[in-house]
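Encoded as structure tokens, the structure appears first; notes follow it.
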Amino acid sequence: MQNHPDAIYPYLVRGAVLYCHVGTHIRKLNLPICHGIYTGEDMHPIIHAEDAEPEKNVMYFGHCHGTIGESGDAEQIDLKTVTYTDLEPSYTGDVARGYKCKPQIIDNQWQMTYRDTRIVRNNQYMSEANAVESVTGASFLVCRFGGLIEPLTSGQEPTE
């Protein structure tokens, strides 16, 4: 499947780089089991709106600067502080202590999805009720701790 000609933004695929506005680190989108729908010459597996599970699809984003500390059950962790140059982390050697930026996704799904391309849930019969909207570069996730999680890349970029 190629990117839909009417779609302004590319489909998100396994390996897309994600950023949380209240996190300190970027992370790659994971898709442990693909849905059998691919895009591009490199056959990248496309994700759908329900591929938003923390620690399965969306990993933690370093330290959280949102309201996670108010939850009372937040895990404190030590991390090296980072600065980013062209999406690559470079470590300053300093260690910072903070709350683990472990997202809790509101509605457990991506927002602003692409309705014209739907993907059937794994292990489901093909029907309209089992079809889930695809996710594009315009899509985002909302965390209950105040984070807005957005893609920095689609994951379809050529690999070296």
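The values are calculated or read from the model by the stated rules, or taken from the named source; none is laboratory data. Treat the numbers as computed from the prediction; the structure is a model and nothing was measured. Every residue, glycine as well, gets a Cβ built from its backbone with ideal geometry; the counts of neighbours run over all protein chains shown.
Restricting attention to the stretch 104-114, and to residues there that are out of contact with any Asp or Glu (no Cβ under 9 Å at 6 or more places or on another chain) and not β-branched (Val, Ile, Thr), which single residue is surrounded by the fewest Cβ atoms within 10 Å (Cβ to Cβ)? Quick ask: steps written out before the conclusion?
As a first pass, look at the stretch 104-114 and keep what is out of contact with any Asp or Glu (no Cβ under 9 Å at 6 or more places or on another chain): 104, 106-107, 111-112.
Next, from what is left, pick out any that are not β-branched (Val, Ile, Thr): 104, 107, 111-112.
Working: GLN104: 13, ASP107: 10, GLN111: 17, MET112: 14.
Residue satisfying both the conditions and the ranking: ASP107.
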Q: Quickly run through the stretch 129-160 and pick out the residues that are small (Gly, Ala, Ser) and more than 16 Å from TYR38 (Cβ to Cβ).
A: ALA129, ALA131, GLY137, ALA138, SER139, GLY146, GLY147
Q | Every pair of residues 6+ apart whose Cβ atoms lie under 7 Å, when the first sits in the stretch 46-63 and is under 16 Å from GLN104 (Cβ atoms) and modelled with pLDDT of 95 or more while the second is charged (D, E, K, R) and in a strand (DSSP E or B) | A | none
**Q.** Number of positions in the stretch 115-160 that are of a type in the set (Asp, Glu) and either within 22 Å of MET59 (Cα to Cα) or modelled with pLDDT of 90 or more (or both)
**A.** 3
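Residues of the stretch 6-45 being assigned to a strand (DSSP E or B) and free of Cβ contacts under 8 Å to residues at least 60 places away in the same chain, which ones? It would help to see each step written out before you state the result.
Our first condition is that a residue be assigned to a strand (DSSP E or B); within the stretch 6-45, this holds for 11, 13, 17-20, 23, 26-28, 38-39, 44-45.
Result: ARG27, TYR38, PRO45.
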Q.
Checking ARG97 against (1) exposed (fewer than 13 other Cβ atoms within 10 Å of the Cβ); (2) touching a His at 6+ places or on another chain (Cβ under 9 Å); (3) modelled with pLDDT of 85 or more; (4) among the basic types (Lys, Arg), only one condition comes out false. Which one?
A. (3)
**Q.** Hits in the stretch 27-40 (condition: crowded, with 19+ Cβ neighbours inside 10 Å and within 29 Å of THR67 (Cβ to Cβ))
**A.** ARG27, LEU29, LEU31
